[in-house]
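The values are calculated or read from the model by the stated rules, or taken from the named source; none is laboratory data. Quantities reported herein were computed from a predicted structural model and do not represent experimental measurements. Quick reminder, even Gly has a Cβ in these numbers, built from the backbone with ideal geometry, and neighbours come from all protein chains shown.
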Amino acid sequence: MPKIAEIEPTPNPNAMKFVLREPLTWGISRSYESADQANGDALAAALFDIEHVTSVFYVDHWITVTQDGVADWQELMRKLAVPIREAPAADAQSAELAQQAGTVMSAESLSDADKERLDKINAILDEQVRPYLQGDGGDLFVMGLDGNKLLVHYQGACGSCPSSISGTLAGIESLVRQIEPDMEVVAV
């Protein structure tokens, strides 16, 4: 569930941008100008169910909602926050899909020490790797930890990029080895 980090006005007085702590998508933008167009997208449909919403656009860590100019923004933002917070984050969606494929470890199966190791690894990936991958339309999902092997899965544009398996993977491994010198990073 994405948490709202901040809400920013846009140059359009009828639109607000919600900046999120977790991404909603991995480099795939979603844009809807009507409730009919949003059919099949649970988040967008829930936002269009709120009176005065005229368009929804979101990608990665932000979502912009446009209203008809009639609603009071303070009241409308409180209503919009509910479905935004209830939407599954991209990590949750990826984890669910990976679990269905049987390739990701559940957090419950990890020891406290391994959970702490993964938290440190994810922190360095969040700071030094993911912003660049996301800038290129992709991302990296940590599938799990198997001893000294970190299992990662490239997403979006990175999933089919030849350099992700060679150069980028070596760079990630180099960063992770700053924390754990014996760690091997494996793309799955």
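Odds and ends about this structure:
- Every listed requirement among (1) at negative phi; (2) modelled with pLDDT of 80 or more; (3) out of contact with any helix residue (DSSP H, G or I) (no Cβ under 6 Å at 6 or more places or on another chain) is met by Leu175 save one, (3).
- Complete set of residues in the range 51-77 that are in contact with a helix residue (DSSP H, G or I) (Cβ under 7 Å, 6 or more places away or on another chain), in a strand (DSSP E or B) and under 30 Å from Asp126 (Cα atoms): Val56, Ile63, Val65
- Count - residues of the range 1-33 that are surrounded by fewer than 16 Cβ atoms within 10 Å (Cβ to Cβ), in contact with a strand residue (DSSP E or B) (Cβ under 8 Å, 6 or more places away or on another chain) and outside any strand (DSSP E or B): 7
- Residues that are over 13 Å from Pro83 (Cα atoms) and of a type in the set (A, V, I, L, M, F, W, C), drawn from the range 54-72: Phe57, Val59, Trp62, Val70, Ala71
- Within the range 123-142, restricting attention to residues that are outside any helix (DSSP H, G or I) and at pLDDT below 85, the residue that is farthest from Ser109 (Cα to Cα) is Asp136.
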